[in-house]
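Only the coordinates and a few stated rules stand behind these numbers; no lab work does. Nothing here was measured: the structure is a model prediction, and the numbers come from that model. Reconstructed Cβ throughout: ideal geometry from the backbone, glycine too, with neighbour counts over all protein chains shown.
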Amino acid sequence: MRVEFRLSGSGGQGLLLAGIVLAEAAIIEGKNAVQTQSYGPEARGGSSKAEVVISDEDIDYPKAIDPDFLLALTQESYRTYGALQGQGLIVVDSSVELSKDITARTIVVPILKTAKEDLGKGVVANIVALGVLGGLSEVASPDNLERAVRARVPKGTEDLNLKALRAGIELAKKAHVAWKPRDLFDAGEHDE
């Protein structure tokens with residue numbers, strides 16, 4: 001098993017931390033994981049991406065070659081990183097306008113809105129996104145995701161970040177209900 005993730009957005013959204021936490025949760029599960037990142041020249045506000053590779057075997061190349069899961073939190077990151085070669089799944093925030101000629105499996109999830117409106121802190125959007133990716137991929141159990149969050153978030157923010165993680169996992173559960181190849185849907189509209 002080799003599962004590749006690319007988390008993209010803008011600098012300052014905390015995607016590096018989300019990638020580190022995802023990798024750490026996989027390690028707690030007994031898997032191998034490696035995390036890499038890159039930023040545009042602007043750093044905060046510019047485009048950024050973090051990649052995580054998780055495997056049951058040794059990882060001989062640390063970068064995502066053809067991501068199984070691609071997260072885009074901003075329009076720019078979707079434009080820059082939103083193309084997939086294989087059968088991966090693109091997860092975009094509901095604020096992103098999708099390409100009209102989209103062919104990749106794509107789901108639209110209200111990550112930023114959930115963080116800002118439901119949790120009252122936009123700064124935890126990265127952990128909501130982590131919950132979505134963890135819930136969709138199932139590369140680590142919710143308990144191990146929580147352990148990794150507790151170990152990595154700033155002291156005093158654990159409760160808020162755990163709420164954000166759980167909110168993301170719930171969004172993933174809703175997304176799973178209607179997940180079909182090449183379908184587009186909004187996770188918030190499928191509450192069956």
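Quick one: among GLY30, GLY131, GLY168, which has the greatest mean-square fluctuation in a GNM of the chain with alpha-carbon springs under 10 angstrom?
Greatest mean-square fluctuation among the candidates belongs to GLY30.
Restricting to the chain, compute how many DSSP beta bridges are antiparallel as a %, nearest 5. Present the calculation step by step, with values, prior to reporting the outcome.
Numbers: 17 of 32 bridges.
The antiparallel proportion sits near 55 percent.
Using Cα pairs under 8 angstrom and six or more residues apart, how large is the relative contact order of segment 2-189, in percent? List each step's numbers first, then the result.
Details: 411 pairs, mean separation 40.6, N = 188.
Relative contact order for segment 2-189 comes out at 22 percent.
Cut-off 18 Å, label point 7 angstrom out along Cα-to-Cβ of LYS121: give me the residues of segment 137-163 whose amide nitrogen falls inside.
From segment 137-163, the list is 146-163.
How long are the three semi-axes of the equivalent ellipsoid of segment 2-189, in whole Å, if each is the root of 5 times an eigenvalue of the C-alpha gyration tensor, listed from largest down? Walk me through the intermediate numbers first.
Details: eigenvalues 89, 76, 58 Å².
Gyration-tensor ellipsoid for segment 2-189: 21, 20, 17 Å.
With charges set only on the Cβ (+1 for Lys and Arg, -1 for Asp and Glu), what does the dipole of the chain come to about its Cα centre, in debye to the nearest 20? Working shown, then result.
On the way: 22 positive and 28 negative charges, 89 e Å.
Charge dipole, the chain, about its Cα centre: 420 debye, nearest 20.
With label points built 7 Å along Cα→Cβ from the Cα atoms of ASP60 and GLN75, find their separation and express it in nm.
Here the answer is 4.3 nm between the modelled labels.
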